[in-house]
Amino acid sequence: MDFFILKKIIGSLLMPLPIVIILLCLGILLFKKRPALARGFAISGTLLLAIISFMPVADKLIVQYEQSYPVFNNQYGKIDSVVVLGCGHTSDKRLHPSQELKNCALQRLTEGMRILRDQPQATLITTGYNPYDKVSNANKLKQAAVELGLPADKIITISEPRDTADEAAMIAPLVKGTSFVLVTNANHMPRAMQYFIDQNVHPIPAPTGFLVKDPEGTSVWFNFIPDAANISKTERAWHETLGRIWQWLRS
């Protein structure tokens, strides 16, 4: 099996929600033969589900990544290029390119376009592979950017990278010695920055797609009710933690 696909499968199984399901399934399967053990699995799965769906826990986990870098407000002077990292899409003939993008890809492209509005001399660099589609994510991002008004000759696509490490390795030769902005989701930015720094280039961070807005805001009672959105935050935080561990092991 392709190592990239194997890595994705293992990573997916190590996410909190799959672990909850595995624990509950073990509780059901062992209910008759090992009732005490089954109870333990069922209680553990239920408690874990409650914890990962609790906003104070989810926000605490994700905000440590999201607050690592400031928002880009054109405070770094003239730049040469804006790098928008890939984040996936699904081709659908009924939809326009911008509608085919995953939310994270659309968030990144929107931020890239916002920066280019104030830095019109800059080039847009889009990246991203898609193993399940004949159109790469880099090209789909380009199609969406053109749809939103950016001239096609202002866009460079890098379609081969399969993950962030590949993106950094393939983009670094293009941007070395230049001033460039790196756009990705706020929770992903620390890991992405490190991959580029490892390639001896120094991007200007432009985090976007914040899952926690106003982290110092006053809590209200409904923030303490379990919610599926909080599970998503917890999973993103855990995904980044696993990614940082893998990054450390590779280094």
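Which of the residues that make up the range 140-155 are without any contact (Cβ under 8 Å) to a residue 40 or more places away in the chain and either among the polar types (S, T, N, Q) or farther than 16 Å from Ser98 by Cα (or both)?
Within the range 140-155, Asp153, Lys154 meet the criteria.
Show the residue pairs that are 6+ apart or on different chains and have beta-carbon atoms under 7 Å apart, the first residue being within the range 35-52 and among the hydroxyl-bearing types (Ser, Thr, Tyr), the second being surrounded by 15 or more Cβ atoms within 10 Å (Cβ to Cβ) and assigned to a helix (DSSP H, G or I).
Ser44/Leu23
Could you check the range 94-118 and list, in sequence order, the residues that are open to solvent by less than 30 Å² (accessible area, probe 1.4 Å) and either touching a strand residue (DSSP E or B) at 6+ places or on another chain (Cβ under 7 Å) or among the acidic types (Asp, Glu) (or both)?
Of everything in the range 94-118, those that are open to solvent by less than 30 Å² (accessible area, probe 1.4 Å) and either touching a strand residue (DSSP E or B) at 6+ places or on another chain (Cβ under 7 Å) or among the acidic types (Asp, Glu) (or both) turn out to be Glu100, Leu101, Cys104, Ala105, Arg108, Leu109, Glu111, Gly112, Ile115, Leu116.
Just for helices (runs of 4 or more DSSP H) wholly inside the range 83-148: which have at least 3 residues that are among the aliphatic types (A, V, I, L, M)?
Once the helices (runs of 4 or more DSSP H) in the range 83-148 are filtered for at least 3 residues that are among the aliphatic types (A, V, I, L, M), what remains is 103-118, 137-147.
Every residue, every condition in (1) farther than 15 Å from Met113 by Cα; (2) buried (at least 19 other Cβ atoms within 10 Å of the Cβ); (3) touching a strand residue (DSSP E or B) at 6+ places or on another chain (Cβ under 9 Å), yes or no:
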{"site": "Val135", "(1), (2), (3)": "yes, no, yes"}
{"site": "Ile158", "(1), (2), (3)": "yes, yes, yes"}
{"site": "Leu174", "(1), (2), (3)": "yes, no, yes"}
{"site": "Asn200", "(1), (2), (3)": "yes, no, no"}
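Against the definition (out of contact with any helix residue (DSSP H, G or I) (no Cβ under 9 Å at 6 or more places or on another chain), within 16 Å of Thr123 (Cα to Cα) and surrounded by fewer than 21 Cβ atoms within 10 Å (Cβ to Cβ)), how does Lys154 come out, yes or no?
So Lys154 does not fit the description; no.
Do any residues in the range 201-220 that are part of a loop (DSSP other than H, G, I, E, B) and modelled with pLDDT of 95 or more have Cβ atoms under 6 Å from those of residues that are open to solvent by 80 Å² or more (accessible area, probe 1.4 Å) and not β-branched (Val, Ile, Thr), where the two are at least six apart or on different chains, and which pairs are they?
Going by the 6 Å Cβ cut-off, the qualifying pairs are Val201/Lys176.
Out of Ser44, Ser12, I need the residue that is modelled with pLDDT of 95 or more and either hydroxyl-bearing (Ser, Thr, Tyr) or closer than 23 Å to Asn187 by Cβ (or both). Which one?
Step by step, each of Ser44, Ser12 is checked, and only Ser44 is modelled with pLDDT of 95 or more and either hydroxyl-bearing (Ser, Thr, Tyr) or closer than 23 Å to Asn187 by Cβ (or both).
So Val183 passes all but one of these: (1) part of a helix (DSSP H, G or I); (2) under 30 Å from Thr123 (Cα atoms). Which condition number does it fail?
Just one mismatch for Val183, condition (1).
What is the residue count in the range 81-108 for residues that are touching a residue at least 60 places away in the same chain (Cβ under 8 Å) and within 15 Å of the chain's Cα centre (by Cα)?
Summing the residues that are touching a residue at least 60 places away in the same chain (Cβ under 8 Å) and within 15 Å of the chain's Cα centre (by Cα) in the range 81-108 gives 9.
Could you tell me which numbered condition Ala169 fails, if it satisfies all but one of (1) within 30 Å of Leu48 (Cβ to Cβ); (2) modelled with pLDDT of 95 or more; (3) not in a strand (DSSP E or B)?
All conditions are met except number (1).
Which of (1) open to solvent by 20 Å² or more (accessible area, probe 1.4 Å); (2) out of contact with any Asp or Glu (no Cβ under 9 Å at 6 or more places or on another chain); (3) closer than 23 Å to Lys78 by Cβ is the odd one out, the single condition Thr123 does not satisfy?
(2)
State all residues of the range 68-79 that are over 22 Å from Lys102 (Cβ atoms) and surrounded by fewer than 16 Cβ atoms within 10 Å (Cβ to Cβ); if no residue qualifies, say none.
Hits for the range 68-79 are Ser68, Pro70, Asn73, Asn74, Gln75, Tyr76, Gly77, Lys78.
Among the residues of the range 33-67, write down those that are under 30 Å from Thr157 (Cα atoms) and open to solvent by 60 Å² or more (accessible area, probe 1.4 Å).
If the condition is that a residue be under 30 Å from Thr157 (Cα atoms) and open to solvent by 60 Å² or more (accessible area, probe 1.4 Å), then Gln67 is the only one that fits.
If I ask for residues that are among the small types (Gly, Ala, Ser) and open to solvent by 60 Å² or more (accessible area, probe 1.4 Å), which ones from the range 11-32 would you list?
Once the filter is applied, which keeps residues that are among the small types (Gly, Ala, Ser) and open to solvent by 60 Å² or more (accessible area, probe 1.4 Å), the range 11-32 yields only Ser12.
The values are calculated or read from the model by the stated rules, or taken from the named source; none is laboratory data. The model shown is predicted, which means the values in this text are computed figures rather than measured ones. Positions of Cβ are generated from backbone atoms using ideal geometry, with glycine treated the same way; all protein chains shown enter the neighbour counts. These area figures cover heavy atoms from the full protein model, side chains too; ligands, DNA and RNA do not enter into them. Shrake-Rupley method; radii C 1.70, N 1.55, O 1.52, S 1.80 Å.
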